[in-house]
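Visitor: Sharing a structure with you now.
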Amino acid sequence: MSLLEAATQVRERAYAPYSRFKVGAAIRAASGAIYSGCNVENVAYPEGTCAEAGAIAAMVAAGETKIAEVLVIADSPAPVPPCGGCRQKIAEFAGQEVKVTLCTTDGASRVMTVADLLPGVFTAAHMDRA
Ligand code: THU
């Protein structure tokens, strides 16, 4: 299965009764395995979680911590970009060069890297004097 197929499938299972904006994310990890996630909203709005967070949680739960590639899809007018928090979450497990493909359900896409998404990322190295 491709990242696009995985993200498209999992997007259908998103729980988004409040925004009605379903998002699917798929990660190819270092092993080659694919992990996917969808957004899961909550009536207490800030408790909702993004699709990317779900995919990352599935990857870590499976015992992997290295992201090789990411794809995100939504029914949006332009390819959907990860939110700020998800950019930092992706950067925790992905090198700056990792490809992140942003997609719409009608076939548009935009390819970016983690560095494009989060320039000047805060990393563990910034705490070296602590
Ligand atoms: N959302 C994601 O799951 N990922 C993104 O990259 C952008 C936004 C979700 C969060 C919320 O459930 C809905 O989309 C509207 O913000």
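Visitor: Condition test on V40, is it touching a residue at least 24 places away in the same chain (Cβ under 8 Å), within 15 Å of the chain's Cα centre (by Cα) and crowded, with 21+ Cβ neighbours inside 10 Å?
Guide: Answer is no for this residue.
Visitor: Read through the list (1) away from the ligand (no atom under 12 Å from the Cβ); (2) part of a loop (DSSP other than H, G, I, E, B), then give the number of the only condition that T101 fails.
Guide: (2)
Visitor: Also, quick follow-up: If A91 passes every condition in (1) surrounded by 18 or more Cβ atoms within 10 Å (Cβ to Cβ); (2) near the ligand (Cβ under 10 Å from one of its atoms) but one, which one does it miss?
Guide: That leaves (2) as the condition not met.
Visitor: Okay, next question. I'd like to know if region 104-111 contains one or more residues that are modelled with pLDDT of 95 or more, surrounded by 14 or more Cβ atoms within 10 Å (Cβ to Cβ) and in a strand (DSSP E or B).
Guide: yes
Visitor: If you go through region 65-94, how many residues are assigned to a strand (DSSP E or B) and either at pLDDT below 95 or more than 18 Å from R28 (Cα to Cα) (or both)?
Guide: Looking only at that region, the number is 1.
Condition check ((1) buried (at least 22 other Cβ atoms within 10 Å of the Cβ); (2) acidic (D, E); (3) more than 10 Å from the ligand (Cβ to nearest atom); (4) under 17 Å from D116 (Cα atoms)) across all residues:
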residue: P46; (1), (2), (3), (4): no, no, yes, no
residue: I56; (1), (2), (3), (4): yes, no, yes, no
residue: V60; (1), (2), (3), (4): no, no, yes, no
residue: G63; (1), (2), (3), (4): no, no, yes, no
residue: I67; (1), (2), (3), (4): yes, no, yes, yes
residue: I73; (1), (2), (3), (4): yes, no, no, no
residue: S76; (1), (2), (3), (4): no, no, no, no
residue: P79; (1), (2), (3), (4): no, no, yes, yes
residue: E97; (1), (2), (3), (4): no, yes, yes, yes
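Visitor: With respect to K89, is the statement that it is more than 21 Å from K22 (Cα to Cα) and touching a residue at least 12 places away in the same chain (Cβ under 8 Å) true?
Guide: no
Visitor: Which of the following residues is more than 26 Å from A125 (Cβ to Cβ), surrounded by fewer than 20 Cβ atoms within 10 Å (Cβ to Cβ) and near the ligand (Cβ under 9 Å from one of its atoms): S19, S2?
Guide: S19
Visitor: Cβ-Cβ below 6 Å, separation at least six or inter-chain, first residue in region 48-62 and touching a residue at least 12 places away in the same chain (Cβ under 8 Å), second open to solvent by less than 60 Å² (accessible area, probe 1.4 Å) and aromatic (F, W, Y): which pairs?
Guide: Going by the 6 Å Cβ cut-off, the qualifying pairs are A55/Y35; A58/Y35; M59/Y35.
The values are calculated or read from the model by the stated rules, or taken from the named source; none is laboratory data. Values in this document were obtained by computation on a predicted structure and should not be read as measured data. Here the Cβ is made from the backbone with ideal geometry for all residues, glycine too, and neighbour counts use every protein chain on show. When the accessible area is computed, the model is the full protein with side chains, heavy atoms only, and any ligands, DNA or RNA have been set aside. Shrake-Rupley method; radii C 1.70, N 1.55, O 1.52, S 1.80 Å.
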